[in-house]
Each structure stands twice: as C-alpha cells, then as structure tokens.
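Report on one structure; see the data block that follows.
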C-alpha cells in the first residue's frame, strides 16, 4: 500500500495557515490525520510546555487537536462520499460550528496522544465527527465536532 | 479603588504552569482575568499566527481562552463564596470536566478578544461558568465550562 498523504497536507495553500493543522503555519501544531479503515487517526506528541500542571496535558491543547482532527476528518469524508480525490474541484473545507469535549481523566504528557475520529453524520453542508483521545492505552477525553462547509469567501488566497 | 491583581496571578506557584494561564509558563498564553461586578472579564490579543485562515482567529485558541477564563472564574467565585481571599487555605483550584463552545461567526484577529464569564452554578465541588467572547463589539462565540475542584494531589509542587 502506498504511503498515505496526511489529510491536512492535501489542503490548498490558502487553507493551510491554521494554527492547529496548517502546514504553512510555522508556529502552529501542524497536526496530521490519516485514514485507518472507517476512522481517521491522528497522533500528536504534546510539547513539554503544553501542561495543565507539570506532567499532564493542557485541556485547551486537547480541544485544539480534536477541533482540527474533526474538521479534517469531515473534509476527507465529504470528498470520499462524492467519490473524488481531495485535489479535485470544487474544494470542500469544514469549519467548526460547535466543539464539545469531556475530559475523563488527567492525560499524561509523556506519551503521544492518539485521536480517532468517526463521522456520525454527513448531510448537506453539515458533518458531525466523534473523537476519542487516548494516551498510554487509556481513553482520556471524548470530543464531538459539529462542522459545516466553509463559505466560499474563506476558500481563496488573501 | 486599588488596582486588581489578576485571578491567575493569585494562584500558587505549583498551579501556575498551565499553558493557558500560568504566569510561570513562558511559552504559554498567560491570560489574565479580573472581576467586573458579578462577571469576570479577560481581554486577550491573539498573536498573528493564531489564525484559522488569515485574518480570523483559530477556534482552538478561543476554546483555550474560554477554558482558562472559566476555571479561573470558578476558583475566584468559590473563594468569594467562602468569604476569604485567594491566598488563604485551603487552596481551591478547578479543573475542566467538560468544555462546550458554539462558534457564532468568524472572529477577527485584529481586535482583542473580550471574554465575560458568569458563574451559573456553584455547588459542592462543581462549578458551571458561561462565557461570551466578543471581538469588535460582536459576540463571536459562547462557551460553557463545567469545572470541578482539583484533587489534592494536583495541588502540590512536583
């Protein structure tokens, strides 16, 4: 099987400045998501300073990774549903309408986070993605991203 | 009226390493919240790289500021409810059990965010804080933080 290109690395340049997932944002997290069967998976190693208290991951960082993994999963699923690759026209990108995170336990900063996202609804311009966040084999957080297709004026160079 | 000390600047050193609000986290956002009547207010200027697309604020950053403003508001309210200052014992700190954000419109990155948090429930070890995020005079997002008092083993030097 050929090596997959990350979902976010298939975004157009004008959609690649996001602090969470943009490959062109040199200050950002640059998260990467890949398909694994019917789920999308993202592995991210928090940096030492992404702490809540020393040793544990900051909840806002977890929310951020869920957000970008969710919208990326939504975009990739929408192209797949139309049976066309992500570099085809028209461009499909999703923005977050709402984000919900349940923090189940403190999340160790020593291990990579593994996020798994599953599209539970894809209808019209809306997608819902449910995400689990695991570290050291334990589910530490669950997230739900309600995403909508980005308006046309976001999908341009600026 | 004497100048207020920010809620987060009254946290103990061991509680001041948070990426979102810790005064000792040199890589972090170092948000600051202050009482304004029965609300707590936080003003935060996103950095130029905190973008979703150029010109607009990244949703994960908005979630992060809501998170720390919410837990800070909860802590300050809990001390106030007990009629004692934040430097008194025992220490009260809140961690996030769940975070919900509704993104109402794109948020311009050119203006400071103004967050206003109001405690809508404070009972036992639980607090609920509802937050509005305004930029350029428009409410751009609403958040709800369900917070619980941090366990004793988080409140120590490590």
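The values are calculated or read from the model by the stated rules, or taken from the named source; none is laboratory data. Bear in mind that the values here come from a model prediction, so they are computed numbers and not experimental data. All Cβ positions, glycine included, derive from the backbone under ideal geometry; neighbour counts span all protein chains shown.
Of all residues in segment B:47-86, those being within 29 Å of residue B:37 (Cα to Cα) and touching a helix residue (DSSP H, G or I) at 6+ places or on another chain (Cβ under 6 Å) number 7. When segment B:77-105 is limited to residues that are at the interface with chain A (Cβ under 10 Å from one of its Cβ atoms) and closer than 16 Å to residue B:65 by Cβ, the one that is surrounded by the most Cβ atoms within 10 Å (Cβ to Cβ) turns out to be B:99. Between A:59, A:70, the distinction of being surrounded by 24 or more Cβ atoms within 10 Å (Cβ to Cβ), facing chain B (nearest Cβ under 7 Å) and in contact with a strand residue (DSSP E or B) (Cβ under 9 Å, 6 or more places away or on another chain) belongs to A:59 only. For segment A:1-21, the set of residues classified as under 17 Å from residue B:109 (Cα atoms) and assigned to a loop (DSSP other than H, G, I, E, B) consists of A:16, A:17, A:18, A:19, A:20, listed by residue number.
Please tell me if residue A:15 is facing chain B (nearest Cβ under 9 Å), touching a helix residue (DSSP H, G or I) at 6+ places or on another chain (Cβ under 9 Å) and on the phi < 0 side of the Ramachandran plot. Spelling it out, residue A:15 is indeed facing chain B (nearest Cβ under 9 Å), touching a helix residue (DSSP H, G or I) at 6+ places or on another chain (Cβ under 9 Å) and on the phi < 0 side of the Ramachandran plot.
Checking each residue of segment A:39-47 against the condition of being surrounded by fewer than 22 Cβ atoms within 10 Å (Cβ to Cβ), within 23 Å of residue B:25 (Cα to Cα) and without any contact (Cβ under 8 Å) to a residue 12 or more places away in the chain gives at least one match.
Every listed requirement among (1) within 14 Å of another protein chain (Cβ to nearest Cβ); (2) in contact (Cβ under 8 Å) with a residue 12 or more places away in the chain; (3) surrounded by fewer than 21 Cβ atoms within 10 Å (Cβ to Cβ) is met by residue A:31 save one, (3).
Residue count for segment B:145-158 under the criterion of being at the interface with chain A (Cβ under 10 Å from one of its Cβ atoms), more than 16 Å from residue B:42 (Cβ to Cβ) and assigned to a strand (DSSP E or B): the result is 2.
Cβ-Cβ distances below 9 Å connect the following pairs, each with a first residue in segment B:128-151 that is at positive phi, a second residue that is crowded, with 20+ Cβ neighbours inside 10 Å and modelled with pLDDT of 95 or more, and a separation of six or more residues or different chains: B:136/B:107. Check whether at least one residue in segment B:102-123 is closer than 19 Å to residue A:99 by Cβ and free of Cβ contacts under 8 Å to residues at least 40 places away in the same chain, and report yes or no. Yes: segment B:102-123 contains one or more residues that are closer than 19 Å to residue A:99 by Cβ and free of Cβ contacts under 8 Å to residues at least 40 places away in the same chain.
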